[in-house]
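Asker: Here it is: the structure, laid out below.
The values are calculated or read from the model by the stated rules, or taken from the named source; none is laboratory data. In this text, all values refer to a predicted model and were calculated from it rather than measured experimentally. Backbone-built Cβ (ideal geometry, glycine too); neighbour counts: all protein chains shown.
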Amino acid sequence: MTAYSITEPSGRSKLVAGLLVTLYTIVTLLPLVWIISTGFKSGPDSISYPPKVLFEPSLEGYVNLFTTRTRVAAEEFQNLPPPETWYDEIVRDQGMVIAGPSRFGERFLNSVIIGFGSTFLSIFLGTLAAYAFSRFKVPLKDDLLFFILSTRMMPPIAVAIPIYLMYRELGLSDTHLGMILLYTAVNISLAVWLLKGFIDEIPREYEEAALIDGYTRFQAFRKVVLPQAATGIASTAIFCLIFAWNEYAFAVLLTSGTAQTAPPFIPTIIGVGGQDWPAVAAGATIFLLPVMIFTILLRKHLLRGITFGAVRK
Amino acid sequence: MPNPIDAAARATPDPLARRIRGLSDRTIAWLFVAPTIFLLLAINIFPLIWTVRLSFTNYRANRPNEEVEFVGLRNYIRILTDDGIWANMQTTAHFLFWTLFFQVLIGFTLAWLINRKFKGNDLLTTLIVLPMMLSPAVVGNFWTFLYQPQIGLVNYMVELLTGTPASSFSMLGPGGYAPWSIIIVDTWMWTPFVMLICLAGLRSIPDYIYEAAEIDRASKWRQFWTLTVPMVLPFLMLAVLFRGIENFKMFDMVVLLTGGGPGNETLLASIDLKREAFEKWRTGYSSAYAIILFVTVFGLASIYVKALNKVKER
C-alpha cells in the first residue's frame, strides 16, 4: 500500500470501527470471563444476586470438581481430627468431608486418549489419501472427494442408530477403540480435504527432482513431501483434535462409563440441590482452556480449517 | 563432511521401502486411498444402508429378540402425515432462519468494520473467534446458568439496561423466550464464523477497483452496493451453506440448553429424532425419520450449491 491512498479509510472511521468492534469483543467474551470467574467463586457467591463481579477467590469449585463429598452428623463432625490438607479444609468449610476422588480425572483422560488417538489415525490415513488425490490420477477422483465430504452432512443421530447396533454386536460400545474409530471416520473428511490443499501447494518439482536422484516414490513422499507439509499437517491435526475434543452427540449416545469423555460428564456435575456451578465452571475452564490456546496458535490457518480448505485467504 | 555411516544407512533402503519400490504409481495411489475409503464405508456408508433397511421395519433396539416385520413404507407415511413432526420442522426452520439472519447481519458488519484496518484489529479478531471453537455442549450447559431468572447474568443485564425486574421473566422457561434463547447462544457462538469468511471476501477485493470507482466519482454508498456486496456474496453464501448444514443437524448445544422444552417449543428435528431413537426405542420409525432428514439436508444443500456456483460464475 502506498503512503497516501484514496481508498485508505479515514482516521475517524477507523476510530469508530475500532470502538464498535472492541465493544462487541467485550460483550462476546463476557460469558467466557464468567465461566472462568465462576470457577473461583464459593458456592454462595456464585448464586448471589446481583451477580458478584468482585469476590473473594476460592478454590472450592476446583476441589469439588475432583472430589466426592458426604455430609456427616453434626456431633461426629465436631469430633473429627483437624483437616490435614488445604483441600480437606475447603471441604470442611462447606460442612462436609471428602468421600473420595470424582470421575472428572478419568473423563478428562478419556477425552485426551480418544482425542489424540483419533487425531493420529485421521492424520495418518488422511495424509496418505490426500497425497494420492493430490499427485496421482485416481479414477473417479472428484466423485470420491465429494463422497468423502458428503459423509459430513449426515446428522450424527442418523448414523448413530446402526452404529449403536453394530458396536453392540462387535463389543465396541463404550470402548476407547470404538470412539477412536468413530471420530476418525468423522474427521477424515476434514483431514483429506485440508491436507490435499496443503499438499497441492507444494511444487511437484521437488519430488520430481528426488525421483531423478534415485528415490522411490515412497521415499520421495516420506523425505520430501512430508517435511514440506509439516505446518499443514500440524494445523489439520489441531482441527481434528478440537473436533474430537468437543464432540458430544456420539459420546452421549455411545458411551456411559469406561469411555465417556468430558463433554457429557461436565453437565452432570451436581451438588446440593442442582448443579454445582463453581465445580461445573471449574471443569469447563480446565476443559476449554487448551482449545482457547490452540485457537490462538492456529489463527493463521483458522479460516482454512473451518471451511474445509474452501477459503484460503 | 558427510558421515560415512549415515550415508550408508541412507543408501540402504529400509525393508518397507524395498517392498514398495517396485510398485507403480497407480498401485501406490490405491494403497493410499483404500484405508480411508474402507473406513468411511465401514463407519458411514454401511450404517447408512443399514438405516435405510431398518426404516422399512418395526424393529426396536431394546427388544432384540422380538420378531422383526417388514412394514413397507408405513414408517415414512406416518412421519410425513404426523402434525407433531411438521411442527418440529417449523421449529427447526425458525431456528435456521433467524440464526442465519443474525449471523450474516452481525458477521458481515463486524468484518466490514474490521476491514477498516484499525490498530489492534488482529488481536480483536482472534478474541472474537474464541467462542466458536469451544465445546457447544459444555458452553451450552453453562448458558443455562447465565439464563437463570433469579441469579443469572442475562436477566441481571436486562434489568440493568431496561429496568424490567430480573425475576419477572425466564429465558428458558414458559413465556415464549426459549426459541430466542437458543438463537442468541448460537449467534454468539457462530457469528465469528461468518465474520471470518466475510473478512476473507472483503480482503480479496483489490484496492484498484475502489480507486477506479473513486475516480469515476461513485459515491461510497454506490461503491458498497455495486462493488463490495457482489464481491463478498459468494463468500457469504458459502458461510450460509456451512452454517445451514450445521444448524439443520443442531443437537448438542440446544439439548443441553433446553432439551427441547419448555413443552416442545425448542424441539428441533434432531432432538426429536434422538428421543424417538434412544428414549422411545422406536428404531425402525426413527430410522425412517433419519433418512427423511438426511435427504432433506442433502437435497437443499445440492440446490443451494447450484445457486452458489451461478453466483460465482457472474
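Asker: Considering only residues of region A:275-284 that are of a type outside the set (D, E, K, R) and more than 10 Å from every other protein chain (Cβ to nearest Cβ), which is farthest from A:A130 (Cα to Cα)? Please lay out each step first, then the result.
Answerer: Within region A:275-284, the subset of a type outside the set (D, E, K, R) is A:275, A:277-284.
Imposing the further condition that a residue be more than 10 Å from every other protein chain (Cβ to nearest Cβ) reduces the set to A:278-279, A:282.
Working: A:P278: 45, A:A279: 43, A:A282: 40 Å.
Looking at residues that are of a type outside the set (D, E, K, R) and more than 10 Å from every other protein chain (Cβ to nearest Cβ), I get A:P278.
Asker: Mind counting the residues in region A:1-42 that are at pLDDT 85 or above and either within 22 Å of B:W143 (Cβ to Cβ) or among the polar types (S, T, N, Q) (or both)? Break it down stepwise before answering.
Answerer: Start the filter on region A:1-42 by keeping residues that are at pLDDT 85 or above, which leaves A:12-42.
Then drop every residue that is not either within 22 Å of B:W143 (Cβ to Cβ) or among the polar types (S, T, N, Q) (or both), which leaves A:13, A:22-42.
Residues meeting the conditions: 22.
Asker: Of A:L302, A:L297, which residue is without any contact (Cβ under 8 Å) to a residue 60 or more places away in the chain, buried (at least 20 other Cβ atoms within 10 Å of the Cβ), closer than 28 Å to A:A130 by Cα and not polar (S, T, N, Q)?
Answerer: On the way: A:L297 fails: buried (at least 20 other Cβ atoms within 10 Å of the Cβ).
Among A:L302, A:L297, only A:L302 is without any contact (Cβ under 8 Å) to a residue 60 or more places away in the chain, buried (at least 20 other Cβ atoms within 10 Å of the Cβ), closer than 28 Å to A:A130 by Cα and not polar (S, T, N, Q).
Asker: Could you check how many residues of region B:137-182 are among the small types (G, A, S), more than 8 Å from every other protein chain (Cβ to nearest Cβ) and touching a residue at least 24 places away in the same chain (Cβ under 8 Å)? Show your work before the answer.
Answerer: Just the residues of region B:137-182 that are among the small types (G, A, S), to begin with: B:137, B:140, B:152, B:163, B:166-168, B:170, B:173, B:175-176, B:178, B:181.
Narrowing further to those that are more than 8 Å from every other protein chain (Cβ to nearest Cβ): B:140, B:163, B:167-168, B:170, B:173, B:175-176, B:178, B:181.
This time we only want the ones that are touching a residue at least 24 places away in the same chain (Cβ under 8 Å), so: B:140, B:173, B:176, B:178, B:181.
Of the residues in region B:137-182, 5 are among the small types (G, A, S), more than 8 Å from every other protein chain (Cβ to nearest Cβ) and touching a residue at least 24 places away in the same chain (Cβ under 8 Å).
Asker: Which condition number in (1) out of contact with any helix residue (DSSP H, G or I) (no Cβ under 7 Å at 6 or more places or on another chain); (2) in the same structural domain as A:S173 (by TED's automatic domain parsing) is the one that A:M292 fails?
Answerer: The single condition A:M292 does not satisfy is (1).
Asker: Criterion first (in contact with a Lys or Arg (Cβ under 6 Å, 6 or more places away or on another chain), facing another protein chain (nearest Cβ under 8 Å) and among the small types (G, A, S)) does A:A262 satisfy it? Lay out the reasoning, then the answer.
Answerer: Working: in contact with a Lys or Arg (Cβ under 6 Å, 6 or more places away or on another chain): yes; facing another protein chain (nearest Cβ under 8 Å): yes; among the small types (G, A, S): yes.
Criteria met by A:A262.
Asker: Quick one: in region A:127-149, which of the residues that are more than 7 Å from every other protein chain (Cβ to nearest Cβ), touching a residue at least 12 places away in the same chain (Cβ under 8 Å) and not hydrophobic (A, V, I, L, M, F, W, C) is surrounded by the most Cβ atoms within 10 Å (Cβ to Cβ)?
Answerer: A:T127
Asker: Determine whether B:T91 is of a type in the set (V, I, T) and over 18 Å from the mean Cα position of the chain (by Cα). So that I can check it myself, show each step before the final result.
Answerer: On the way: of a type in the set (V, I, T): yes; over 18 Å from the mean Cα position of the chain (by Cα): no.
Answer is no for this residue.
Asker: Let me ask you something else. Failed condition for B:G260, given (1) in a helix (DSSP H, G or I); (2) at pLDDT below 90; (3) buried (at least 19 other Cβ atoms within 10 Å of the Cβ), with all others met?
Answerer: (1)
Asker: Residue check: is A:N64 of a type outside the set (A, V, I, L, M, F, W, C), surrounded by 16 or more Cβ atoms within 10 Å (Cβ to Cβ) and assigned by TED's automatic domain parsing to the domain that holds A:L241?
Answerer: Taking the combined requirement at face value, the residue does not satisfy it.
Asker: I need the full set of residues from region B:46-70 which are aliphatic (A, V, I, L, M), at the interface with chain A (Cβ under 8 Å from one of its Cβ atoms) and under 26 Å from the mean Cα position of the chain (by Cα), in order please.
Answerer: Taking region B:46-70 and keeping what is aliphatic (A, V, I, L, M), we get B:48-49, B:52, B:54, B:61, B:68.
Then keep just the ones that are at the interface with chain A (Cβ under 8 Å from one of its Cβ atoms); that gives B:48, B:54, B:61.
Matches in region B:46-70: B:L48 only.
Asker: Scan region A:131-149 and tell me whether some residue there is modelled with pLDDT under 85, over 29 Å from the mean Cα position of the chain (by Cα) and either closer than 30 Å to B:P165 by Cβ or in a strand (DSSP E or B) (or both).
Answerer: Checking region A:131-149: not a single residue is modelled with pLDDT under 85, over 29 Å from the mean Cα position of the chain (by Cα) and either closer than 30 Å to B:P165 by Cβ or in a strand (DSSP E or B) (or both).
Asker: Same structure again: When only residues in region B:27-45 that are among the aromatic types (F, W, Y) and within 20 Å of A:S118 (Cα to Cα) count, which is farthest from the other protein chains (Cβ to nearest Cβ)? Reasoning before the result, please.
Answerer: Of the residues in region B:27-45, the ones among the aromatic types (F, W, Y) are B:30, B:32, B:38.
With the extra rule that they be within 20 Å of A:S118 (Cα to Cα), the set shrinks to B:32, B:38.
Numbers: B:F32: 4, B:F38: 9 Å.
The qualifying residue farthest from the other protein chains (Cβ to nearest Cβ) is B:F38.
Asker: Please list, ordered by residue number, the helices (runs of 4 or more DSSP H) wholly in region A:220-313 having 3 or more residues that are farther than 28 Å from A:S46 by Cα. Lay out the reasoning, then the answer.
Answerer: Details: elements: A:230-246, A:249-254, A:262-265, A:277-298, A:302-306.
Passing ranges, in order: A:230-246, A:249-254, A:277-298, A:302-306.
Asker: While we're on this one: For region A:65-86, which positions are in a helix (DSSP H, G or I) and either in contact with a Pro (Cβ under 8 Å, 6 or more places away or on another chain) or not charged (D, E, K, R) (or both)?
Answerer: A:L65, A:F66, A:A74, A:F77, A:Q78, A:N79, A:W86
Asker: Sticking with this one: Is it fair to say A:F243 is among the aromatic types (F, W, Y), surrounded by 22 or more Cβ atoms within 10 Å (Cβ to Cβ) and either within 11 Å of chain B (Cβ to nearest Cβ) or in contact (Cβ under 8 Å) with a residue 60 or more places away in the chain (or both)? If you could, list the steps in order and put the result at the bottom.
Answerer: Numbers: among the aromatic types (F, W, Y): yes; surrounded by 22 or more Cβ atoms within 10 Å (Cβ to Cβ): no; either within 11 Å of chain B (Cβ to nearest Cβ) or in contact (Cβ under 8 Å) with a residue 60 or more places away in the chain (or both): yes.
Criteria not met by A:F243.
Asker: Filter region A:151-168 for residues that are within 23 Å of the chain's Cα centre (by Cα) and more than 7 Å from chain B (Cβ to nearest Cβ); which is farthest from B:T27 (Cα to Cα)?
Answerer: Restricting to residues being within 23 Å of the chain's Cα centre (by Cα) and more than 7 Å from chain B (Cβ to nearest Cβ), the top hit is A:A160.
Asker: Restricting attention to region A:62-95, report how many residues are more than 34 Å from the chain's Cα centre (by Cα) and within 30 Å of A:S256 (Cβ to Cβ). Quick ask: steps written out before the conclusion?
Answerer: Initially, region A:62-95 is screened for residues more than 34 Å from the chain's Cα centre (by Cα), giving A:71-84, A:92-93, A:95.
Within this subset, residues satisfying the condition of being within 30 Å of A:S256 (Cβ to Cβ) are A:71.
Of the residues in region A:62-95, 1 are more than 34 Å from the chain's Cα centre (by Cα) and within 30 Å of A:S256 (Cβ to Cβ).
Asker: Just checking, does region A:107-129 include any residue being at pLDDT below 90 and of a type outside the set (D, E, K, R)? Outline the logic, then answer.
Answerer: First, the residues of region A:107-129 that are at pLDDT below 90: none.
Among the residues of region A:107-129, not one is at pLDDT below 90 and of a type outside the set (D, E, K, R), which makes the answer no.
Asker: For region B:105-121, how many residues meet the condition of being of a type outside the set (F, W, Y), without any contact (Cβ under 8 Å) to a residue 40 or more places away in the chain and facing another protein chain (nearest Cβ under 8 Å)? Step through it out loud before you land on a result.
Answerer: Let us first name the residues in region B:105-121 that are of a type outside the set (F, W, Y), namely B:105-107, B:109-111, B:113-117, B:119-121.
When the remaining residues are screened for being without any contact (Cβ under 8 Å) to a residue 40 or more places away in the chain, the result is B:105, B:109, B:113, B:116-117, B:119-121.
Cutting the leftovers down to facing another protein chain (nearest Cβ under 8 Å) gives us B:113, B:116-117, B:119-121.
Residues meeting the conditions: 6.
Asker: Another question about this same structure. Could you list, in sequence order, all residues of region B:155-183 that are surrounded by fewer than 20 Cβ atoms within 10 Å (Cβ to Cβ) and part of a helix (DSSP H, G or I)?
Answerer: Answer for region B:155-183, where residues must be surrounded by fewer than 20 Cβ atoms within 10 Å (Cβ to Cβ) and part of a helix (DSSP H, G or I): B:Y156, B:M157, B:V158, B:E159, B:L160, B:L161, B:T162, B:S167, B:S168, B:P179, B:W180.
Asker: Could you figure out which of (1) in contact with a Pro (Cβ under 8 Å, 6 or more places away or on another chain); (2) modelled with pLDDT under 90 isn't true of B:L54?
Answerer: (2)
Asker: Test A:L194 against the stated conditions and say whether it is away from chain B (no Cβ under 11 Å), more than 15 Å from A:L253 (Cβ to Cβ) and of a type in the set (A, V, I, L, M, F, W, C). First the steps, then the outcome.
Answerer: Working: away from chain B (no Cβ under 11 Å): yes; more than 15 Å from A:L253 (Cβ to Cβ): yes; of a type in the set (A, V, I, L, M, F, W, C): yes.
So A:L194 passes the test.
Asker: When residues of region B:149-161 are filtered for being at pLDDT below 90 and more than 11 Å from A:P50 (Cα to Cα), how many remain?
Answerer: Residues flagged as at pLDDT below 90 and more than 11 Å from A:P50 (Cα to Cα) within region B:149-161 amount to 1.
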